[in-house]
Structure formats: structure tokens, C-alpha cells
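Q: Below is a structure I'd like to ask you about.
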Amino acid sequence: RNPAATDLPASASSQPATTQPESSAGATMPMMIDVPVDAPTYDLEQILTYAIEKSPEYRNAKDDLFLTTIAVLRERHLWGPRFFEKVSAQVVGAAEPGDAQHAAQLIHELGVSQRLPNGGQVSVSGLVDFVEGIRNSTADEKVGAGVGVDATIPLLRGSGEVAREELIQTERDLIYAVRTFERFRREFLVRVATQYYEIGRAHV
């Protein structure tokens, strides 16, 4: 049987008085909203600056933007002129017993390569070949030099705008990353400001 509200024995006079909890020493526990006397005070601008400097969430979002920017810089570097240098040394000659006709050969190659806008690559290099006899004072030294040009141009597959698809895509990703970070930054600052004013109202 469900009794009616008027049949219940509880009354306003029988309600227990609410008291603050006491510690084991008998002292009254301070409320969580109490502010220490030496607590520093911050205005809204200082709070926002502190949140930007210390928040791991904000730092992670900014790091993601930096990584996307670095990807664009790396891809643009691949489309710029790239210098290269190769140095190799070896001993040439017959390996028969008692053969003194051995020579040391040093090859030094220096060049530059450049990607083409519509696909392909062209490179220009200079080569110096130096040979000197070993264990044979009468052997002549030989020095050779040359210049080479190498070009690779696709006619069908990989030619045209598709050759720069990776560069275009990284630039698109950077635009999306900037928009995402700006949206996050506004929401982050609004959230911090809202919490700041809610704490202020709680102390009033």
C-alpha cells in the first residue's frame, strides 16, 4: 500500500540540521570554494596567456600544424634544385702473383638535379677521374674529366599536372590544418573564458 503524503510521519521539524563536516581534531573543515589568502589573482588576458603556454591540448594542436607545415617544406625542397656529390676510390689492376701493375683510382662527381614542372627530371654533372700507379714509379698518372647531362621526360604516364599531385596535396593539407587549428583555438579560448567567469561568479 502506498501511503498518501499526509500520512507520512516526516515533518519539517524532524529534518536534521545541516552542519559542516569536522575533522578528527574537531575543527571545522574549510569549504572548497574558500580562497587562500596568498593566492595570486589573474585577469582574463593573463588567464588566456597562461592556458596557451601550459595546456597540453593546445600544444598538441600546434604541433600537428607544425608537422603539416614541415611536410610542405620538404615536398617543395624536392621540387627545387638539389646538389649532389659522389666520391669513390678503388684499386684497379690484375691480381696475378708478382704483378706490380696496380693503380689507385679516385672518381669525384659533382652535379645538380631539377624536377620538371610537367614531370621528369634533368641533371647536370661533372666527373673527374684520377688514376695513379702503385708500386711502380714509372707508371704515368692519368687524369680524366667530363660533363654529363641526363634527362628523363615522361610522354604519357606521369606527365602533366599529375606529376605535382603530392605537392598540391600537401598544400591542401596545410590549408585544412590551419582552418582546423584556428577553429580549435577559438573554441579553446572561449572554453577557458567561460570557466574563468564561472569561477568568478562562484566567489561572489
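Q: So if we plug the beta-carbon distance of residue 167 and residue 110 into 1/(1 + (r/R0)^6) with R0 = 25 Å, what FRET efficiency do we get, rounded to 0.05?
A: Numbers: r = 27 Å, r/R0 = 1.08.
Once the sixth-power term is evaluated, E becomes 0.40.
Q: Explain nothing, just compute: Karplus ³J(HN,Hα) = 6.51 cos²θ - 1.76 cosθ + 1.60, θ = phi - 60°, for every residue of region 146-158 in order, whole Hz, x for Gly and Pro.
A: x, 10, x, 10, 10, 9, 10, 10, x, 9, 10, 6, x
Q: Figure the gain on full extension for residue 186 and residue 46 (residue separation times 0.36 nm, minus the Cα-Cα span) and round it to one decimal in nm.
A: The span from residue 186 to residue 46 would gain 48.8 nm if fully extended.
Q: Could you tell me the accessible area of residue 84 in Å² (1.4 Å probe, neighbours in place), rounded to the nearest ten?
A: Spelled out: residue 84, probe radius 1.4 Å, area about 60 Å².
Q: Something else now. Using each residue's phi in region 177-186, evaluate 6.51 cos²θ - 1.76 cosθ + 1.60 at θ = phi - 60° and report the 3J(HN,Hα) Karplus result to the nearest Hz, with x for Gly and Pro.
A: Those phi angles translate into 5, 5, 5, 5, 5, 5, 5, 5, 4, 5 Hz.
Q: So if we plug the beta-carbon distance of residue 197 and residue 67 into 1/(1 + (r/R0)^6) with R0 = 45 Å, what FRET efficiency do we get, rounded to 0.05?
A: Calculated transfer efficiency: 0.85.
The values are calculated or read from the model by the stated rules, or taken from the named source; none is laboratory data. Everything numeric in this text was worked out from a predicted model, so none of it was measured. Positions of Cβ are generated from backbone atoms using ideal geometry, with glycine treated the same way; all protein chains shown enter the neighbour counts. All accessible areas refer to the heavy atoms of the entire protein, side chains included, with ligands and DNA or RNA removed. Shrake-Rupley method; radii C 1.70, N 1.55, O 1.52, S 1.80 Å.
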